[in-house]
Amino acid sequence: MSIPRFILFLCCAAAFPAFAAELANPSFEDPTDPDSLIDHRAAGWGSWGGWFNRETGWAPVRTGSAIMGYHHFRIGAPDSSGIYQDVQDIPAGTRCVFNIFACKDSGTQLERVEVRLETCGGSAPFALETYSPSDLKSGRWSELRVEGVAPLEGIRVVIAVFPKLKDPRNGSLKFDDARLITGGEQAHAAANNTIRERR
Ligand SMILES: [Ca+2]
C-alpha cells in the first residue's frame with residue numbers, strides 16, 4: 001500500500017469506525033414461541049401482511065434448518081407483506097449495508113421485492129433497492145443488498161414483497177441469512193444513499 005493510500009485508509013477508518021451492531025436471529029433459526037406448533041414468526045423480527053412465515057420444512061435452506069417463506073400462491077389481495085428488525089445502537093452518520101439471500105420457485109411472477117433501510121420504528125426509507133422477479137434465480141440463492149448512511153441513531157432493516165396485482169398468483173420466495181455491516185472498510189465504499197429501482 002503506498003503512503004498516500006495508507007493515509008487515506010487511516011482517515012476513512014477514523015471517519016467511519018466499525019460498530020458491533022448485529023442482527024438478532026439472522027438465519028431465522030429461532031421461533032418466537034418454541035412451544036407453539038402454529039406460530040410461524042421468527043424471534044427478533046416483526047412482520048406485516050400475510051403469508052410471510054418462518055418455515056422449517058421448505059427447501060432449499062441456505063444455512064441451518066429454517067428460512068422465511070413468502071407464500072405467493074396463498075396471497076389473495078395485492079397488498080405487501082414484509083419483515084423488519086430495529087437495530088438501536090447505531091450512531092447517526094454510520095454507513096450501513098444490509099443484505100439477505102432470496103430464492104424463487106420457477107415461474108414466480110410477483111410484482112417486486114424491496115430491501116430498505118429506515119430509521120428505528122419505521123419511516124420513509126433512507127435507502128431502498130428494488131428487485132424484480134427476473135433479478136432472482138429459480139431454485140438458487142441470489143443476494144439482495146441495500147446500503148446507506150443512517151440519518152438518525154438506530155435503523156430498521158426491511159424486506160417487503162409486493163405480489164402480482166391480480167390472480168392467478170403462483171410460486172413462492174424463500175429468504176435466509178440476513179446480515180448487517182456497519183462502518184468499516186466494506187461499508188464505506190458506498191456512494192450516497194440511493195432510492196433505486198432495478199427494473
Ligand atoms: Ca436459516
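No lab work stands behind these numbers, since they all come straight from the coordinates. For clarity, every value in this text was computed on a predicted model and none was experimentally measured. Please note: Cβ atoms are built from the backbone with ideal geometry, for glycine as well, and neighbour counts cover all protein chains shown.
Between S138 and D39, 0.36 nm times their residue separation minus their Cα-Cα distance comes to what? Please list the in-between numbers first.
Numbers: separation 99, 0.36 × 99 = 35.64 nm, distance 2.77 nm.
Additional length available on full extension: 32.9 nm.
Hey, fewest Cβ within 10 Å first, where do D105, D35 land in order? If you can, show how the numbers build up before the last one.
Values: D105 15, D35 6.
Ascending number of Cβ neighbours within 10 Å: D35, D105.
Under the Karplus relation 6.51 cos²θ - 1.76 cosθ + 1.60, θ = phi - 60°, what is the ordered set of whole-Hz ³J(HN,Hα) values for segment 117-129, x standing for Gly and Pro?
The phi angles translate into 10, 10, 7, 4, x, x, 6, 4, x, 8, 8, 8, 10 Hz.
With the contact rule set at Cα under 8 Å and sequence spacing of 6 or more, what percent relative contact order holds for segment 17-197? Show your work: numbers first, answer last.
On the way: 489 pairs, mean separation 54.9, N = 181.
Reported as a whole number, the value is 30 percent.
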